[in-house]
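The structure under discussion appears below in the form of structure tokens.
The values are calculated or read from the model by the stated rules, or taken from the named source; none is laboratory data. Computed from a predicted model, the values in this text were never measured in an experiment. Ideal geometry is used to build each Cβ from the backbone, glycine not excepted, and the neighbour counts take in all protein chains shown.
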Amino acid sequence: MAFDIPTLRTERLDLLPPSAACADLYRTFYTDADASASYGGPLSVVGSWTRLASDLGSWHLQGFGVWVLRDRARDELVGVCGFWQAPGWRRELTWWLLPRHRSRGFAQEASEAAVAHAYDVFGWETVETYMVDTNDQARALARRLGGEQIERFVAPDGAERDLFRIPRAANPPCRLPA
């Protein structure tokens, strides 16, 4: 079954389908213990490839997944943003950036585009995200996106997490044609 993964475009970013061309991005992130600590890392090089394959496969198996973020000004891959859900887990908005690309607003810009796509194209009634208690940056971004904590739950890995509902933006970001 062929499935076309959409490409999104924001003011500074292209949100691209994951592909083998992203292997270095995934390897750099997931083999860095500090960068990937909140995302199951560190992983081996093979583990990072497996994560890339899983992210691509999510689109084909579930009809949604993450996009790879390209900073157009530098023509550089900087991270990922989109949606993730494994069996037994809640569907969530997720993102990660290479450390050198953090604190530039990329995660928020990409998240706003992904959330708008979820409501407007996927037709979802709600978008949610959650994070481990120690991920203060993710919690702050959820709040900047207008997220409201709606529940505390125990995830399948046994850890408690706060669940945030991310609303449809009052002024959705301009998504430029890809």
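Things worth noting here:
- In a residue-by-residue description of region 32-54, the property of being of a type in the set (Ser, Thr, Tyr), at pLDDT 95 or above and in contact with a Lys or Arg (Cβ under 6 Å, 6 or more places away or on another chain) applies to at least one position.
- Yes/no for residue 165 being surrounded by 13 or more Cβ atoms within 10 Å (Cβ to Cβ), free of Cβ contacts under 8 Å to residues at least 40 places away in the same chain and more than 25 Å from residue 17 (Cβ to Cβ): yes
- The set of residues in region 38-51 being touching a Ser or Thr at 6+ places or on another chain (Cβ under 8 Å) and not in a helix (DSSP H, G or I) consists of 41, 42, 43, 44.
- Cβ pairs under 7 Å, 6+ apart, first in region 1-28 and closer than 16 Å to residue 53 by Cα and free of Cβ contacts under 8 Å to residues at least 40 places away in the same chain, second hydroxyl-bearing (Ser, Thr, Tyr) and part of a helix (DSSP H, G or I): 26/48; 27/48
- Among (1) in contact with a strand residue (DSSP E or B) (Cβ under 6 Å, 6 or more places away or on another chain); (2) under 24 Å from residue 160 (Cα atoms); (3) not in a strand (DSSP E or B), the one test that residue 35 misses: (1)
- A count restricted to region 120-156 and to residues that are closer than 17 Å to residue 65 by Cβ, crowded, with 16+ Cβ neighbours inside 10 Å, touching a residue at least 24 places away in the same chain (Cβ under 8 Å) and not β-branched (Val, Ile, Thr) stands at 1.
- Failed item, numbered, when residue 25 is tested on (1) out of contact with any helix residue (DSSP H, G or I) (no Cβ under 8 Å at 6 or more places or on another chain); (2) over 29 Å from residue 133 (Cα atoms); (3) surrounded by 21 or more Cβ atoms within 10 Å (Cβ to Cβ): (2)
- Residue in region 40-56 that is aliphatic (A, V, I, L, M), touching a Gly at 6+ places or on another chain (Cβ under 8 Å), surrounded by 13 or more Cβ atoms within 10 Å (Cβ to Cβ) and on the phi < 0 side of the Ramachandran plot present: yes
- Output for region 106-119, where each listed residue is in contact with a helix residue (DSSP H, G or I) (Cβ under 8 Å, 6 or more places away or on another chain) and crowded, with 18+ Cβ neighbours inside 10 Å: 107, 111
- Test: residue in region 3-15 that is buried (at least 16 other Cβ atoms within 10 Å of the Cβ) and of a type in the set (Phe, Trp, Tyr): no
- Here residue 3 clears all of (1) part of a loop (DSSP other than H, G, I, E, B); (2) touching a Gly at 6+ places or on another chain (Cβ under 8 Å); (3) under 24 Å from residue 165 (Cβ atoms) except the condition numbered (3).
- Looking across 120, 75, one residue alone is within 23 Å of residue 147 (Cα to Cα) and of a type in the set (D, E, K, R). It is 120.
- For first residues located in region 61-77 and farther than 21 Å from residue 124 by Cα, partners that are acidic (Asp, Glu) and in a helix (DSSP H, G or I) and lie 6+ apart or on another chain with Cβ distances below 8 Å form the pairs 77/24.
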